[in-house]
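For reference, the structure discussed in these notes is given below.
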Amino acid sequence: MTDRLRAGIFLAPFHPVDEHPTLAIERDFQLIEHLDRLGYDEAWVGEHHSAGYEIIASPELFIAAAAERTRRIRLGTGVVSLPYHHPYIVADRMQQLDHQTRGRAMFGVGPGALPSDAVMLGIDPLRQRDMQDEALSVILPLLQGETVTHKSDWFTLVDARLQLRPWSRPHIEMAAAAMVSPSGPKLAGKYGMGLLSIGATSTAGYMALPNTWQIWSETAREHGHTAARDAWRLVVPMHVAETRAQALENIRFGLKKYLYYYTQVIALPFELTGTPDQQVDQFIAAGLAVIGDPDDAAQRIAEMQQHSGGFGCLLQMAHNWADFPQTVRSYELIARYVLPRFNGNNAGRESSMNWAASRRTELMDAGRQAKVLAAQKHVAERERREGD
């Protein structure tokens, strides 16, 4: 287990096509500002180029602006789709972002999530994972100040080096995205990176957690690295309200649109059938997300800790199932009432309260005796003054 459970969000983002996109992006900034004030640790921002729903094309641009609007929260690319870019340009931009944020930036990488993105760019989706691996083989040396020459069928480097040395040492923190397949943990282990486990509440994703850790840690050892549970981040869709009934009511604002996007638009499997209302009921019944009160959230997190063996950071999927006021309220409730249970924030207070309660009679008697003594002293002093 890790010493402290960190918390953050994974912001794809998910924005329905019936609202103003500029205002939606602005609301994403406001959300991260709110999380910064609440003391959340991290926010990871995605890259997508098609299908209309996930509308941030450059997480680096977003992070640069978000860093100016926040004080302490760390900001990661969640993720840069490496096959879509020349590796040198990716490394150069992330090195600059490391400096601009004074080490608050993190570098998440992936092969690209939407097949429609790859098709538009003329990339064979079957090659994306190999392309990601090849890109990392030159990005890491570049980030560490090495000179790299490399010839590939999709990029070339000739005595390439970055002008800036890293702000963070030995280089910016990195993490690889993973779903259910072993490719993510194997890549993280090969290059000594952290791991972003997306879809950890899906049946397959949840069941894969122990095997994910095994693959990651074994591959890391084979390549001279050490997998650290503190660098393992689990992405979980959550919405919390004061009561379970209120949480279920809140999410009906936007969950149908989200499920339509997954079941009817993007080329990814999502096993729900029937009418939109039936799909919502199936989604909730299947436990694919944490929807309830703070007790429900705490119970699910504890189950995931036990099943996985421990992880370092809980990343809530930023899904916009509820309207914005209820969304920010959910993050506040989790910060106030859920995370302290795992991090012992109130251990000293509870100990002090229990100690005082256990000695209540004794302390009350002492307090009464002190009052009687004070009154007696006052009378004695008055009599002495009158006697003078």
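Read the figures in this text as sums done on the coordinates, not as results from a lab. None of the values given here were measured: they were computed from a predicted structure. Positions of Cβ are generated from backbone atoms using ideal geometry, with glycine treated the same way; all protein chains shown enter the neighbour counts.
Note that the stretch 95-112 has calculated 3J(HN,Hα) couplings of 5, 5, 5, 4, 6, 4, 8, 6, x, 7, 7, 10, 10, x, 10, x, x, x Hz, one per residue in order, obtained from phi through the Karplus relation 6.51 cos²θ - 1.76 cosθ + 1.60 (θ = phi - 60°); glycine and proline are x.
In plain terms, the chain from residue 277 to residue 385 could stretch by 30.4 nm, reckoned as 0.36 nm per residue minus the Cα-Cα distance.
For the chain, modelled as a GNM whose springs connect Cα atoms under 10 angstrom apart, the maximal fluctuation among 365, 98, 124 occurs at 365.
If you run the Gaussian network model on the chain, springs between alpha carbon atoms under 10 Å, then out of 359, 93, 341 the most flexible one is 359. Under a 5 Å amide H cut-off, with hydrogens placed 1.01 Å from N, residue 80 pairs with 108, 109, 110 among residues at least 5 apart or on other chains.
Rounded to the nearest whole Hz, the Karplus-based 3J(HN,Hα) values (6.51 cos²θ - 1.76 cosθ + 1.60, θ = phi - 60°) of the stretch 228-241 follow the sequence 10, 4, 4, 9, 9, 10, 9, 9, 9, x, 9, 8, 10, 9, with x at glycine and proline.
Shown in residue order for the stretch 38-48 are the 3J(HN,Hα) couplings computed by the Karplus curve 6.51 cos²θ - 1.76 cosθ + 1.60 at θ = phi - 60°: 6, x, 5, 8, 9, 9, 10, 10, x, 10, 8 Hz (x for Gly and Pro). Going by a ≥ b ≥ c, the root eigenvalues of the Cα gyration tensor, does the stretch 218-266 fall in the rounded group (a/c under 1.5), the prolate group (a/b larger than b/c) or the oblate group? Oblate, because a/c is 1.5 or more while a/b does not exceed b/c.
Taking amide H atoms as placed 1.01 Å from N in the peptide plane, the amide H of residue 291 lies under 5 Å from those of 239, each 5 or more residues away in sequence or on another chain.
If both residues of a DSSP beta bridge must be in the chain, then about 10% of such bridges are antiparallel. When shorter helices are ignored and each DSSP H run of at least 4 residues is given -39500 (n - 2.57), the per-residue value for the chain at 222 nm works out to -14500 deg cm²/dmol. Calculated on the Cα set of the chain, radius of gyration then Dmax: 26.1, 108 Å.
Close amide H partners of residue 75, meaning residues 5 or more places away or on another chain with modelled amide H under 5 Å apart, are 43, 105, 106. Ranked by the mean number of other Cβ atoms within 10 Å per residue, highest first, peptides 130-142, 14-26 order as 130-142, 14-26.
Just checking the listed ones, 298, 105, 65: in the Gaussian network model of the chain with Cα springs under 10 Å, the one fluctuating most is 65.
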